[in-house]
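Worksheet: one structure, shown below.
Every number here is computed from the coordinates shown, using simple stated rules; none is lab data. In this text, all values refer to a predicted model and were calculated from it rather than measured experimentally. Neighbour counts are summed over all protein chains in view; Cβ atoms, including those assigned to glycine, are modelled from backbone coordinates with ideal geometry.
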């Protein structure tokens, strides 16, 4: 099979090449399989890539997480065939190439991985470059908006701040923080207001949760973007901003990669939402009926309350003034604002029925290291 046939340990070699310990079969699929299979392959590759091969194992295309997100923006779903989204002319190299030659190609073309092929085009391995373009995950600060009043969840929120409402036997905010910690983030700022002391007393400095937590206290409501003007540090890397009442299994590393790949100043997470009108729609022109549509289904994207913001974009936020995140995006050139569609689980816990749904679905979707330790 050649020198690339045996996967190397999940580490960096002396030349900076990252070899991950998975088999090619685990990250491969056929062109006529759905994107849901590609998502599983990408997860198996550590969030990097899925290989589309034929029955003989020959490479016919590749699918990255970014390819899937862009496909969703064009109307694809997880049932769409891989052939409709894959990149059919990926850069590859052969078994004869040296590691230094492969690393040079990765650097030249700003690639994060490269399939290794036999002369016949069969995939025998894949090489991953160390993070040449993007800084380490831990260097990116996380800001969680945890100061909302939660008026739609009263009377519960009269004594408990909304992010501290129990879902799955633990505060929503604890699950959010654990998701970030598990994915490698370490610096978290909580913007608090309503019943702030409850949150501060529970999380303290974050040490027992494996992160460093600092707090920003809003004396008045500042809005999702306005609160960023109160940060007591100047970020040097893009920061992730997220509402504190959201349950999601999103991969925040992939969100950052998407942000960098699109050279965005600000990226907004989107969730696909479908709504069926319970009535037949009548299209009227003047006094004449043009057409009928029986109970149409509307399909659109909604703001998911998850963002990546570059440090320079913070200069667009006015000081000591209420300013929401859509207003910030409106002040950014549309070529510099990116849309990141989520295909993972996402739920905004804003109403009582959302809270009930979250509790019903929690244990099937979120595993907790701390829960495992209690067993």
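Per 0.36 nm of contour for each residue apart, how much would the distance between residue 302 and residue 334 grow if the chain were fully extended, relative to their Cα-Cα spacing?
Gain on extension, residue 302 to residue 334, equals 9.8 nm.
Let a ≥ b ≥ c be the square roots of the eigenvalues of the Cα gyration tensor of region 62-110; is it rounded (a/c under 1.5), or, if not, prolate (a/b larger than b/c) or oblate?
prolate
Please compute the contact order of region 221-375 in relative form: average sequence separation of alpha-carbon pairs under 8 Å and at least six residues apart, divided by the residue count, as a percent.
37
Which percent, nearest 5, of DSSP beta bridges in the chain are antiparallel?
65
Output the 0 to 90 degree angle, nearest 10, between the alpha-carbon long axis of helix 352-365 and the longest principal axis computed from the alpha carbons of the chain.
Compared with the principal axis, the helix lies near 30 degrees.
Using alpha-carbon positions, what is the distance between the centroids of region 222-239 and region 79-116, in Å?
Here the answer is 37 Å between Cα centres.
Starting from the coordinates of the alpha-carbon atoms of region 227-375, obtain the Kirkwood hydrodynamic radius over all distinct pairs and give the value in Å to one decimal.
18.5
Over what distance in Å are the Cα centres of region 33-61 and region 309-332 separated?
39
Can you sort 124, 216 by how many other beta carbons sit within 10 Å, fewest first? Each step should come with its number before you reach the end.
On the way: 124 18, 216 21.
Fewest to most other Cβ atoms nearby, the residues stand as 124, 216.
Taking the convex hull of the alpha carbon atoms in region 85-184, what volume per residue do you get, in Å³?
Cα-based convex hull of region 85-184, divided per residue, equals 179 Å³.
Would you mind calculating the relative contact order of region 115-204 from Cα pairs under 8 angstrom and at least 6 residues apart, reporting the percent as a whole number?
Details: 94 pairs, mean separation 29.1, N = 90.
RCO, region 115-204: 32 percent.
Provide the gained length on full extension for the span residue 77 to residue 319, in nm with one decimal, where the gain is 0.36 nm per separating residue minus the Cα-Cα distance.
83.0 nm
Any idea what angle helix 35-44 forms with the longest principal axis of the chain, computed on alpha-carbon atoms, 0 to 90 degrees, nearest 10?
It works out to around 80 degrees.
Quote to one decimal, in nm, the extra length available between residue 353 and residue 219 on full extension: 0.36 nm per residue of separation minus the C-alpha distance between them.
Value of the extension gain: 45.2 nm.
Report, to the nearest 10°, how far helix 172-182 tilts away from the longest principal axis of the Cα atoms in the chain, using its own Cα long axis and a range of 0 to 90°.
20
Listing 332, 309, 72, 289 from the residue with the fewest other Cβ atoms within 10 Å to the one with the most, what is the order?
289, 332, 72, 309
With an 8 Å Cα cut-off and a minimum separation of 6 or more residues, compute the relative contact order for the chain in percent.
14
Report the per residue volume, in Å³, of the convex hull enclosing the C-alpha atoms of region 279-363.
Cα-based convex hull of region 279-363, divided per residue, equals 248 Å³.
Write down the radius of gyration of the chain and its Dmax, each obtained from C-alpha positions, in Å.
23.1, 76
Could you tell me what percent of the DSSP beta bridges with both partners in region 167-294 are antiparallel, to the nearest 5?
The answer is about 50 percent antiparallel.
Based only on other Cβ atoms within 10 Å, what is the fewest-to-most ordering of 316, 153?
Ascending Cβ contact count within 10 Å gives the list 316, 153.
Taking the Kirkwood radius as the inverse of the mean 1/r across Cα pairs, report the Rg/Rh of region 11-129.
0.96
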